[in-house]
Amino acid sequence: MVISHVLTDGILHVTLPCDLDVTHRAAAALETETLVHAHRPRIVQLKVVGSHPSPASLSALARARRMCTSLGIPLAVVGPAAAQQDASAEPTAA
């Protein structure tokens, strides 16, 4: 499996690696689609691990968004906590 997942309280938590390459992009998208169709969650939460996702990782994310939209399932995208804290920090003088 390219991705990892956990289903809790009707929320499908999917973890997508940030370093997907083109050969694994389709597998990640297919695994996500299979999980959504099998579990029919209320919400899909997709976490992208790492602060600089590859183009293939972003493509898999876009495919998941289109699929969830077509099924009427909300999709929440989250990133790593460290990257979110860094983005909110004030710049330091050099």
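A few comments on the model shown:
- Taking each residue of region 28-45 that is polar (S, T, N, Q) and looking for partners that are open to solvent by 20 Å² or more (accessible area, probe 1.4 Å) with beta-carbon atoms closer than 6 Å, six or more apart or interchain, yields Q45/I11; Q45/H13; Q45/A76.
- Pairs where the first residue, in region 64-78, is free of Cβ contacts under 8 Å to residues at least 40 places away in the same chain and the second is among the hydroxyl-bearing types (S, T, Y) and open to solvent by 60 Å² or more (accessible area, probe 1.4 Å), C-beta under 8 Å, 6+ apart: L75/T69
The values are calculated or read from the model by the stated rules, or taken from the named source; none is laboratory data. All values derive from a computational prediction rather than experimental measurement. No Cβ is skipped: glycine too gets one built from the backbone with ideal geometry, and neighbour counts run over all protein chains shown. Just the protein is used for accessible areas: all its heavy atoms, side chains included, with ligands, DNA and RNA removed. Shrake-Rupley method; radii C 1.70, N 1.55, O 1.52, S 1.80 Å.
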